[in-house]
1. Out of curiosity, is residue 499 within 16 Å of the ligand (Cβ to nearest atom), over 18 Å from the mean Cα position of the chain (by Cα) and within 30 Å of residue 322 (Cβ to Cβ)?
2. For segment 130-151: of the residues being surrounded by 19 or more Cβ atoms within 10 Å (Cβ to Cβ) and under 28 Å from the mean Cα position of the chain (by Cα), which is nearest to the ligand (Cβ to nearest atom)?
3. Determine which member of the set 479, 515, 468, 503 is surrounded by fewer than 19 Cβ atoms within 10 Å (Cβ to Cβ) and in contact with a helix residue (DSSP H, G or I) (Cβ under 7 Å, 6 or more places away or on another chain).
4. Looking at (1) at positive phi; (2) modelled with pLDDT of 95 or more, can you tell me which one residue 454 breaks?
5. Tally up the residues in segment 249-283 that are farther than 22 Å from residue 45 by Cα and assigned to a helix (DSSP H, G or I), please.
6. Quick one: in segment 20-56, of everything that is assigned to a helix (DSSP H, G or I) and at pLDDT below 95, which residue is surrounded by the fewest Cβ atoms within 10 Å (Cβ to Cβ)?
7. Name the residues in segment 152-178 that are more than 13 Å from the ligand (Cβ to nearest atom) and not in a helix (DSSP H, G or I), would you?
8. Anything in segment 214-226 that is more than 8 Å from the ligand (Cβ to nearest atom) and under 22 Å from residue 261 (Cβ atoms)? List them, or say none.
Ligand code: F6P
């Protein structure tokens, strides 16, 4: 048996398919198989997934499933769900799926009943959210909370802000949530400038409670509050924490009675369904938050129990590997036709790129192939008037996911039908294009005709659900989590650490004194950094 998946006969078979594939066009694949649109479609929970407009044949799919077998994908899925320490560089279980297990389930990991722990925190979150929503919880001067400000970054921000925006239609509208993440002082300034401290609640979210951006923003938020309320006792009514690190929370000055915990087996970018989602629960209420968790769980169960050949997240993950590793795609567009999902691509960037932006295998050997494509996107139809031109007529292979909903959250005139006709038209235009003969037949001038040819053959996957509800939202996020997992397994990388972000953090801490103190040496870094520091200090009068 070969040492690495990439040395296997299954891998080589896919390389062979890739070489032949430049001659295949979606026009021919659809022409020769009138059933392709129905044959290459699947359902997972409430999501209908049409993958027929991908650059695949039955042979390629079989080869991808064989590769999954060679990579022992089924065994790896089972290991994750069972709580094995698959995050080997941090010696941790990877159990975000336990965050959405129903109360009746049971899972003992490292001697601990994690389901009981999860539901005990969910119950505390629910009681707290109820008090904020009903106005029973009041601030230091007796006013009810009108604005919740989530301070966190990365997984402690991107999930909550994306979900808050996605589920706004289900929100209690007299409570607004805002999200401060950047250490650029502008972020805190703009998010607090028009707020009344007496009716503002800060949720400080940090898994480690050591993150420079979050702790700095939190300290400044506390000063902002105390400048107005002038009593240290006010902090207890206006600050709560979400963290795994009770000691650091107490050091910061937040009573651990006002802390909602989670566990080291929840990665930051997978933490939205934990206490990290507290702002979302306050916004939509504990019942709809539970609906969201049930949505996640439905897809988890599909992923855990369905054979790989019919397993939708596994299939979509394998398709991503096909494009990225074998056909040379560099990026992947995610295009939600839902304005409420306008932060979805930003959220996915951390989920996918922090997970799979790796170049060393679990064994410690460097990879010899491409991993981790660049995820990007904007909601349709805005993207159509911006970057779609490059996807349609440019030179790059960019697989794209189109996500749409049959029922609008708000039905205004014919707008939703027009919106969705764009959704359907784009994947057709991308797949089938327009030939020179068709362009000429329309009487286009010969000099212009080549410019109007659309080569087509651009792969897309369409994900259609009835309506963007909390449950469907949970399903969608879980789908992408498991796609990401599948890719990591095939690439034999650890999708659950993120050592690459550490060096920059260390260097920022080393550089900070040079920017703030005129007496600190400004000539002991590299010549580029030295010159920039001098220029910065001059501008700041230091
Ligand atoms: O960017 C690195 C990272 O560690 C992310 O993985 C994480 O989501 C983010 O920083 C924030 O970390 P924390 O929640 O510990 O403040």
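1. Details: within 16 Å of the ligand (Cβ to nearest atom): yes; over 18 Å from the mean Cα position of the chain (by Cα): yes; within 30 Å of residue 322 (Cβ to Cβ): yes.
Taking the combined requirement at face value, the residue satisfies it.
2. 151
3. Working: 479 fails: surrounded by fewer than 19 Cβ atoms within 10 Å (Cβ to Cβ); 468 fails: surrounded by fewer than 19 Cβ atoms within 10 Å (Cβ to Cβ); 503 fails: in contact with a helix residue (DSSP H, G or I) (Cβ under 7 Å, 6 or more places away or on another chain).
It is 515.
4. Here residue 454 clears every test but (1).
5. Our first condition is that a residue be farther than 22 Å from residue 45 by Cα; within segment 249-283, this holds for 249-269, 275-283.
Okay, now just the ones that are also assigned to a helix (DSSP H, G or I), so 249-252, 256-258, 268-269, 275-283.
Residues that pass the stated criteria total 18.
6. The first filter runs over segment 20-56 and keeps only residues assigned to a helix (DSSP H, G or I), leaving 20-21, 26-32, 36-39.
Now narrow it down to the ones that are at pLDDT below 95: 20-21.
On the way: 20: 11, 21: 15.
Checking each candidate, the answer is 20.
7. Those that are more than 13 Å from the ligand (Cβ to nearest atom) and not in a helix (DSSP H, G or I): 167, 171, 172, 173, 174, 175, 176, 177, 178.
8. If we filter segment 214-226 for residues that are more than 8 Å from the ligand (Cβ to nearest atom), which is where we start, we get 215-226.
The answer is 215, 217, 218, 219, 221, 222.
The values are calculated or read from the model by the stated rules, or taken from the named source; none is laboratory data. Just so it is clear, the structure is predicted and the values come from calculations on it, not from any experiment. Because the Cβ atoms are built from the backbone with ideal geometry, glycine has one as well, and the counts that use them run over all protein chains shown.
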